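I have placed the structure first, in the form of structure tokens, so that the comments after it can refer back to it.
Derivation of every value follows stated rules applied to the coordinates shown; laboratory data play no part. All figures in this text were calculated on a predicted structure; none of them were measured in a lab. In this analysis, Cβ positions are derived from the backbone assuming ideal geometry, glycine residues included, and neighbour counts consider all displayed protein chains.
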Amino acid sequence: MSGFPAEGRLEITVTVADGHFSAVRVDSSRTLALPSLFRGRAAAEVPALCGRLYAVCRMAQGLAAAQAVERAAGLAVAAGQQAARRLLLRAETVLDQGGRALLEWPLLLGQGADAAACKALRGALADLPRLLYPDNDWLRPGGGRLAPDLAVLRDRLRRARAVVETAVLAGQGVGARLAAHLRAEDMEGFGACFLPALPSWSDLDVAQGLAWHDPAFIAAPTWRGLAHRTGALARLERHPALAGAGSGLLGLLRARLTELALALDDLDALAARRLEADPAAAFTGGDGVGIAVVETARGRLAHRLEMADGLVRHYAILAPTEWTFHPEGALVKGLLGAPAGPDPMARAGLLAALLDPCVPYRVTETPAMSGA
Amino acid sequence: MAIPSRILSLENGFATVECFGVERVVSLMLLDEAVAVGDYVIVQSGSFAMEKVEKAAALDSLAYLETVLAAPGGGAA
């Protein structure tokens, strides 16, 4: 998957020796310095800025920023606003994971992208923030004017479910076709490795357990000194649908499909809850530190704001791609020692695709050094 | 990142777009609204234009991103 140099890319370099992956290196040019430019800006502007500057997980980025600002300011957010935000996060999971399945998984099978289905899915969900918040102020700290048209919302969710169930989850959907391909190629267990799932974090954990001011940590994070797994497989590793699937390609695929189905159910449940106009809290600035942790389609996303007199003194974002593509993370550990097969770059690319980085990636192979 | 790309030309449902001096061809299949040469779009998933962006917002984002990329170590942390 190629991209503009400016948006960053993962360069995955593999080496094969004796038919197995003997070395794997991931070089990231992701623009992780983006939050440093928030310094000195009004903290209240950051959520909207995040929603505009991030293309992938833009709702999650924006809402995490809003929550960080609210926590720094000690601002309580009404229950209706919180429910609306959970709905947006789950909708983005369906939009993002469904979109990837429709556009990218067919390419892994040598087929064309299902752009028509993806367009229908986007038509159902992409403008949900504006549907819930007609003034488009959904990223205002404290919450915007929440006034959804519930009949339209439920119709949108029905449309999204129809697309995902038909084109992705059904017996002839792209998920089943990809699973059949993995089975036919004897690749179901490829990429499996032991990597602990990120545990739940307490407020104290995120305040003290993460090196928020260290750029090297933000680029290659660890939890208690170890790399961890995040994302659908980490969240669902004990779910019955994943029993026996392992942590290789089949496990990753099944976790993403299960997550999609669960997110659709969550959306229906959230849309049935009270989402009426709820008074928004007023942001008044001040001093403080606010940390927000949200689960996105790709895994755990955390924002931390240090605010002084309503302005950003320091801002940091810890994103899931840095956990998954860590030098000791799921991609590297999954490849090292695994059989390289007749097309090592394709195999490595398949694992990268199902681990799902938030930026384009490229796989290249370098020859093994000859022995002494 | 949501990097706005400027449309240089249009042909049969595809557009040649430019961003920070790099050109590429992208599909317009996922766009709901019509676009014209000079408009700005956000490209995702390799080669699909996902949404049209108003010019003022696009220029504002590009100026911001230019600052980030020009900063020491801005390309990668």
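Worth pointing out:
- Relative to the Cα centre, the charge distribution of chain A, modelled as +1 at Lys and Arg Cβ and -1 at Asp and Glu Cβ, gives a dipole magnitude of about 460 debye.
- Span-like helix ranges in chain A, DSSP H, alpha carbon extent 24 angstrom or more, Kyte mean at least -1.0: A:79-103, A:249-271
- Leading residue at positive end of dipole, region A:1-89 (Cβ point charges), from A:Val77, A:Thr15, A:Phe38: A:Val77
- Listed values for region A:239-244 are Karplus-derived 3J(HN,Hα) couplings in whole Hz (6.51 cos²θ - 1.76 cosθ + 1.60, θ = phi - 60°), namely 6, x, 5, 9, 4, x, and x replaces Gly and Pro.
- Rounded D (µm²/s) - region A:130-261, Kirkwood Rh over Cα pairs, Stokes-Einstein at 25 °C, 0.890 mPa s: 134
- Remark on region A:128-195: Rg and Dmax equal 19.7, 53 Å (Cα only).
- Distance between region B:1-69 and region A:336-372 - C-alpha centres, whole angstrom: 31
- Sequence-distant contacts, meaning Cα pairs under 8 Å at least 6 residues apart, place the relative contact order of region B:4-70 at 28 percent.
- Note that region B:4-70 shows a convex hull volume over its alpha carbon atoms of 79 Å³ per residue.
- Here region A:80-120 is treated with +1 on each Lys and Arg Cβ and -1 on each Asp and Glu Cβ, and its dipole about the Cα centre works out to around 220 debye.
- Scaled to the globular estimate 2.2 N^0.38 Å, the Cα spread of region A:185-270, given as radius of gyration, is 1.31.
- With a simple spin-label model that places each label point 7 Å from the Cα along the Cα-to-Cβ direction, the separation between B:Thr16 and A:Ala180 comes to 4.1 nm.
- The alpha-carbon of A:Lys119 sits under 30 angstrom from the alpha-carbons of these lysines, leaving out residues fewer than 8 places away in its chain: B:Lys52, B:Lys55.
- A:Asp268 paired with B:Ala57, simple spin-label distance in nm, labels 7 Å along Cα-to-beta-carbon: 3.2
- Expressed in Å, the radius of gyration and Dmax of the Cα atoms of the protein assembly as shown are 21.3, 73.
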